[in-house]
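The values are calculated or read from the model by the stated rules, or taken from the named source; none is laboratory data. These numbers were taken from a predicted model, which means no experiment stands behind them. Please note: Cβ atoms are built from the backbone with ideal geometry, for glycine as well, and neighbour counts cover all protein chains shown.
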């Protein structure tokens, strides 16, 4: 893959990261321009601030008897990368859903407040599987509290209780913290890459490559395949693995992609996969609700999805139409909704790519 073909790829931001993941032992920061080195130093400084706030939050949770596991870049930055190579946007923590009230009360003590994003908190918890918090400070790092790995149709398939029983301990910033076991962490990042294929997927791609190269991540490929098949995740996992092969070459055993490609998907799997790919090509947020409606179990939840589709929040309305009048904004929304339903019916007859 020509990295210049990746939309929004900034060489200053990504090239040192990609170079490290291509060849960790041969990585040398002296090979980069003064501008790249300056960016790396800024990234290292911000990551240090993030790690300091992570320590503060974990210590606070420990005092309030709140179990937490650290996810994604919040710990991979320290575990896999040299300082400043892997930019980290926010802090990601997995907690028990029943601890939501305790979490909110504890976070308020250090000036973290829930961000509604135009959607009630219960909808955030049930649809996205997380609630976002912002610190009332210019230096505050965004915080995502996860109650599952993410939304349906794929991330939420991995049962949260299974994750809690497969945590391992890692030493981060002098603290012994909970993290996902290597197999589940690898699977999580593959699904996260697919979920964000319309955005900054290259960072997840690099994390996966770094895991493969790292001696600290001993991936049991047979166990990984067992989990991918058990949760019926063949299509998104294979899609993500092919993305990794495009960027980094043959770093994944052929038997893994070979086994996954033998899967014969059902009609429902094809429809959900094609809708998810369309979501990556479009910015119409109503497609998310359509996917949630089709994939999330529970009649009550499906009813709430229908209500949200037919009577959308302001935050769901297309960005390009928000400057117009109220009627125009809704007309634009319902036009996009009709297009999504047309695409859904076409997907019923489309072959899975």
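Restricting the range 111-134 to residues that are at negative phi, assigned to a loop (DSSP other than H, G, I, E, B) and surrounded by fewer than 16 Cβ atoms within 10 Å (Cβ to Cβ) leaves a set whose member that is modelled with the lowest pLDDT is 120. Does residue 286 satisfy the criteria of being closer than 26 Å to residue 159 by Cα and at pLDDT 75 or above? It is false that residue 286 is closer than 26 Å to residue 159 by Cα and at pLDDT 75 or above. Counting residues in the range 178-185 that are within 18 Å of residue 74 (Cβ to Cβ), in contact with a helix residue (DSSP H, G or I) (Cβ under 8 Å, 6 or more places away or on another chain) and either modelled with pLDDT of 95 or more or not in a helix (DSSP H, G or I) (or both) gives one or more.
Just one of the listed residues (193, 225) is touching a residue at least 24 places away in the same chain (Cβ under 8 Å), outside the structural domain of residue 273 (by TED's automatic domain parsing) and under 20 Å from residue 129 (Cβ atoms), and it is 193.
Return yes or no: is residue 43 assigned to a helix (DSSP H, G or I), assigned by TED's automatic domain parsing to the domain that holds residue 101 and within 18 Å of residue 145 (Cβ to Cβ)? So residue 43 does not fit the description; no.
Scanning the range 146-162 for any residue that is in contact with a strand residue (DSSP E or B) (Cβ under 6 Å, 6 or more places away or on another chain) and either in the same structural domain as residue 48 (by TED's automatic domain parsing) or assigned to a loop (DSSP other than H, G, I, E, B) (or both) turns up at least one such residue. Set side by side, the residues 17, 79, 54 differ, and just one is assigned to a helix (DSSP H, G or I), touching a residue at least 12 places away in the same chain (Cβ under 8 Å) and surrounded by fewer than 21 Cβ atoms within 10 Å (Cβ to Cβ), which is 79.
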